[in-house]
Amino acid sequence: EFRRVLFRSIPSYFKYGFTLDPFTIVRDVYRVSGGTFLTFSIRDNSIKQTRYWSCLNAKGHILNPMTQLNYELENIYKFIGQGEVKFGIALSGGADSQLLAKNIFSNFHDLESITIGYREQSKHDESLSARNFANKLGMRNHLRKISKSDIPELFKQACAALDEPISDITSINYLEIF
């Protein structure tokens, strides 16, 4: 329904693949910005937005980015390891997911990974690299292959699952992972 479209959001959607905070592509529907939360009062039907974090308020200077990154990753590993539910990792052929997988697996040997691949030949298929990496670590890897013919239905499902339109093709992969 075109009268519900906030047309001034369309240029950012085409430029970035999403709309910029606090706007959405739907008129009179707004996004809660990162680092904020909303409180709704049932007494007077009011909404209060509170900012709890901003990168402008970050303290200190990072003297050594690698030391800081390792420190933050160690804190993440400790945090996610506290849960009672088994967890896994989406593993691609990229350095970022492999770095995380290697470090998490060194702390939690029951970590398993899942990778999305393609049935047809594709230059975007990183599943072989991911599987080889998982095998090298001794980590169990689950491979889910999708086909070009699956894309229209998966895209429809991804659009239905998302809060708003996002033109990021990886949403199909994450839908399959979950």
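Could you check Ile25 against (1) touching a Ser or Thr at 6+ places or on another chain (Cβ under 6 Å); (2) surrounded by fewer than 12 Cβ atoms within 10 Å (Cβ to Cβ); (3) under 23 Å from Thr170 (Cβ atoms) and say which number it fails?
Evaluating Ile25 over (1) touching a Ser or Thr at 6+ places or on another chain (Cβ under 6 Å); (2) surrounded by fewer than 12 Cβ atoms within 10 Å (Cβ to Cβ); (3) under 23 Å from Thr170 (Cβ atoms) leaves (2) as the failure.
I'd like to check something: does segment 137-153 contain any residue that is in contact (Cβ under 8 Å) with a residue 40 or more places away in the chain and in a helix (DSSP H, G or I)?
No.
Do the conditions hold for Phe133, that is, is it at pLDDT 95 or above, assigned to a helix (DSSP H, G or I) and crowded, with 18+ Cβ neighbours inside 10 Å?
Yes: the conditions hold for Phe133.
Would you check which residues across segment 154-171 are part of a helix (DSSP H, G or I) and within 12 Å of the chain's Cα centre (by Cα) and list them?
Residues satisfying the conditions are Thr170, Ser171.
Identify, by number, the condition in (1) open to solvent by 80 Å² or more (accessible area, probe 1.4 Å); (2) in contact with a Ser or Thr (Cβ under 8 Å, 6 or more places away or on another chain); (3) assigned to a helix (DSSP H, G or I) that Phe37 doesn't meet.
For Phe37, the exception is condition (3).
Mind checking which residues of segment 40-54 are in contact with a Phe, Trp or Tyr (Cβ under 8 Å, 6 or more places away or on another chain) and surrounded by 11 or more Cβ atoms within 10 Å (Cβ to Cβ)?
Result: Gln49, single match.
Identify the single condition in (1) β-branched (Val, Ile, Thr); (2) part of a loop (DSSP other than H, G, I, E, B); (3) in contact with a Ser or Thr (Cβ under 6 Å, 6 or more places away or on another chain); (4) closer than 30 Å to Lys145 by Cα that Thr19 does not satisfy, given that it satisfies every other one.
Unmet for Thr19, out of (1) β-branched (Val, Ile, Thr); (2) part of a loop (DSSP other than H, G, I, E, B); (3) in contact with a Ser or Thr (Cβ under 6 Å, 6 or more places away or on another chain); (4) closer than 30 Å to Lys145 by Cα: (4).
Could you tell me which residue of segment 81-104 is farthest from Arg144 (Cα to Cα), considering only residues that are in a loop (DSSP other than H, G, I, E, B) and of a type in the set (A, V, I, L, M)?
Val85
Residues of segment 10-22 being open to solvent by less than 100 Å² (accessible area, probe 1.4 Å) and under 22 Å from the mean Cα position of the chain (by Cα), which ones?
Ser12, Tyr13, Gly17, Phe18, Thr19, Leu20, Asp21, Pro22 - these are the residues of segment 10-22 that are open to solvent by less than 100 Å² (accessible area, probe 1.4 Å) and under 22 Å from the mean Cα position of the chain (by Cα).
For Gln82, work out the one condition from (1) modelled with pLDDT of 80 or more; (2) under 30 Å from Ala101 (Cβ atoms); (3) open to solvent by 100 Å² or more (accessible area, probe 1.4 Å) it doesn't fulfil.
The single condition Gln82 does not satisfy is (1).
When both residues are 6+ apart or on different chains and their Cβ atoms are under 6 Å apart, which pairs have a first residue that lies in segment 155-178 and is β-branched (Val, Ile, Thr), and a second that is part of a loop (DSSP other than H, G, I, E, B)?
Filtered contacts from segment 155-178: Ile166/Phe18.
Which residues, counting only those in segment 111-127, are part of a strand (DSSP E or B) and open to solvent by 10 Å² or more (accessible area, probe 1.4 Å)?
Answer for segment 111-127, where residues must be part of a strand (DSSP E or B) and open to solvent by 10 Å² or more (accessible area, probe 1.4 Å): Glu112, Ile114, Ile116, Tyr118.
Show the residue pairs meeting these rules: Cβ distance below 6 Å; 6+ apart or different chains; first residue within segment 84-106 and closer than 12 Å to Asn141 by Cα; second residue modelled with pLDDT of 90 or more and open to solvent by 50 Å² or more (accessible area, probe 1.4 Å).
Matching pairs, first to second residue: Ser92/Glu126.
The values are calculated or read from the model by the stated rules, or taken from the named source; none is laboratory data. The shown structure was predicted, so the numbers you read here are calculated from the model rather than taken from an experiment. We place every Cβ from the backbone using ideal geometry, glycine too, and count neighbours over all the protein chains shown. To get the accessible areas, we keep the full protein, side chains included, count just its heavy atoms, and leave off ligands, DNA and RNA. Shrake-Rupley method; radii C 1.70, N 1.55, O 1.52, S 1.80 Å.
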